[in-house]
Amino acid sequence: MSRKSKDKSEEIAERTYEPEDYNKADQVSKGLATTHEQASDTLTEGTIDGTIDRVDQDGHLISNDGEEISRKENREKTNGKTK
């Protein structure tokens with residue numbers, strides 16, 4: 001591997017997510033932004049004890065008190081299989 005190529009690889013490997021990555025067009029920024037979004041979604045929505053906010057037909061928030069997710073109802077929808 002040439003020195004120039006190695007320097008570029010190290011530069012990319014040292015990058016971390018920055019909020020500006022959502023507005024950049026290069027491949028590394030897009031990848032970091034996508035990965036950050038997926039990780040954030042998993043942390044906020046991926047818990048078994050999560051609750052669902054109520055929204056109207058247009059998607060506007062009605063209540064953020066949350067409703068418990070019925071585990072029984074979810075299992076019936078998936079024929080007893082967990083997602």
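The values are calculated or read from the model by the stated rules, or taken from the named source; none is laboratory data. Quantities reported herein were computed from a predicted structural model and do not represent experimental measurements. Note that each Cβ is placed from the backbone with ideal geometry, even for glycine, and that neighbours are counted across all protein chains shown. Accessible surface areas use protein heavy atoms only, side chains included; no ligands, DNA or RNA. Shrake-Rupley method; radii C 1.70, N 1.55, O 1.52, S 1.80 Å.
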Of residues in the range 1-22 being in a helix (DSSP H, G or I) and among the polar types (S, T, N, Q), the one nearest to residue 34 (Cα to Cα): 9
Checking the structure you have, find out if any residue of the range 38-47 is at pLDDT below 60, of a type in the set (Asp, Glu) and either touching a helix residue (DSSP H, G or I) at 6+ places or on another chain (Cβ under 6 Å) or open to solvent by 70 Å² or more (accessible area, probe 1.4 Å) (or both). no
